[in-house]
1. If the chain between residue A:333 and residue A:374 were fully stretched, how many nm would it gain, using 0.36 nm times the residue separation less the Cα-Cα distance?
2. I need the P(r) histogram for chain A: all alpha carbon pairs, bin width 20 Å from 0 out to the longest distance, whole percents.
3. Quick check on segment B:23-200: what does the Kirkwood estimate of hydrodynamic radius come out to from the alpha carbon pairs, in Å?
4. What is the P(r) of segment A:169-229, as percent of Cα-Cα pairs per 5 Å bin from 0?
5. For chain A, what is the relative contact order in percent, using Cα pairs closer than 8 Å and at least 6 residues apart in sequence?
6. Tell me the label-point distance for the pair residue B:9, residue A:243, using the 7 Å Cα-to-Cβ offset, in nm and rounded to one decimal.
7. Would you order B:33, A:294 from fewest to most other beta-carbon atoms within 10 Å of each residue's own beta-carbon?
8. For the residue pair residue A:223 and residue A:62, what label-to-label distance in nm results when each label sits 7 Å from Cα along the Cα-to-beta-carbon direction?
């Protein structure tokens, strides 16, 4: 077995969305002080656990108490450590690396183990594999350390010791031998015991005879050492790509304007595109939850009924929606989720007329619907029914599914009133009657005599007479 | 300044360039003759008409030729799927929009024209030159067509539509008058006969007309 371990020492801090760099620069020039002085603090022990580069420059160190940190740096921005955020970030990362490596072990809160020996057939050598992995990691704002070794635990220890090299089997064994015992996760009691024995490195511990080891180590530490040496397997759950797409985004500042929000949505939507493309799926509906500090959570649902997988199209739809409904209050957290996915339906484009159909009909309808609202949009359903109002029925919110064309030529008006209106003007009957008696089977019977009528202005109307001799207009021969 | 210079700066408009603008046959020989070949293949056509005199029926052959969406914006009533299906337009090609404001109407019209996947029938009054120009550019970009319906004798006369027609009800069909056209003279008028297409909706046989008793009205 051969493992690569990626260790992310500042996962929470790095995965939080910080204000864009350019706005940062403006503040720097205006005030003359670096702005992003951020640190993550353990809420129980009140110690700093993650620090940004700028805070390290100011002299803060990991493990420092909050009070002394605040005394040293005046404008320190502090966030509480949340292991769920790191777990989320780790899973997102695993999903992105899953296309490169099929065997990934999550080691929460801050590590990923990638098994390399099974991937050998897919890549020419370790170098090309590492290049692709780096290309995937480079655009992410994450700081990481890595190392490779024959066991996952050894790779983890070497990565945490900031080895940052791809080691061969022999090299990794040598490095492990030289690793101080203080770097290992032995209990404190055990470590002080080693110190009294004069043991400094892992190599010295391993050199002890087996009988002595059993005598001097407690059972948990024995198992740990066996895992380190590869004699016992380390059981970490293998990563499996989730069916659902869901992203949470914790903002380190509040967003008041929709353009800023769109900037944050863009990378998330790119991830969505990757997720959908890999599965040959399209998303008919997305849900964006915006969490405000003081107001209740707001949920936006955006539809693209034909299923859409392009990030650019989704971004456009979100932009249209936010144009119609500006943000009600500053947002400090958001989550984007895919409600359900469907197989991607290809738009049938005209091969010889491609330059014109820039936007397929389904995208156009989705855009109109997002901008104007569901109620402003109506398709028309057609059913085989004798009753005119049931043969042509509004289909709210979307284009109606196609029905067959009609060959028989019964004269029907081109425009139909949503409901028949009482006749109020003098007319001349032109043709008729056409008696329609239907609907006795489903409790919505009609009994009408339809006429084509001509009004004084030369307008052709479709009117009918009920058995009670009441007259109604039902359509226009426009 | 010489004539060549004027031409180079596009300060002189040459009429013959517009002679061979692409046209689409209207489906009625009389109308094709009147329009010198048919409706413009793209652009904005304004129709000044009473409702329900046959203005949509006049356009039906146009609508049939296209496999695109037909988007009806603010129509006076809902399109009847039966009628359109009889004339070769599937109900899945029809979409009705009723935007909440004039601004949204113009936005939606422009988007539909730009998309290249739809043509638009628009019932909306009040448009200025800049807005019309924008819609014409959208038509060019998407190779699409906009038919805008206005009441008769409306104040839209000064706008530079690609084609502007006035339709008047006539016992035998529709009297079509050219109010403005690109690359041609206005003022000609022709009667378009509906007797062949819609014999029931013309009054050629006066004997069949049944007078409607006045006391039954309302």
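Taken together, the values in this text are just the output of simple stated rules run on the coordinates, not laboratory data. Predicted model, so just to flag it, every value in this text is computed and none were measured. No Cβ is skipped: glycine too gets one built from the backbone with ideal geometry, and neighbour counts run over all protein chains shown.
1. 12.1 nm
2. Bin by bin from 0 Å, the calculated values are 17, 36, 25, 14, 7, 1.
3. Answer for segment B:23-200: a Kirkwood hydrodynamic radius of 16.4 Å.
4. 4, 18, 32, 30, 12, 4, 0
5. Numbers: 774 pairs, mean separation 48.5, N = 478.
The value is 10 percent.
6. 7.1 nm
7. A:294, B:33
8. 2.6 nm
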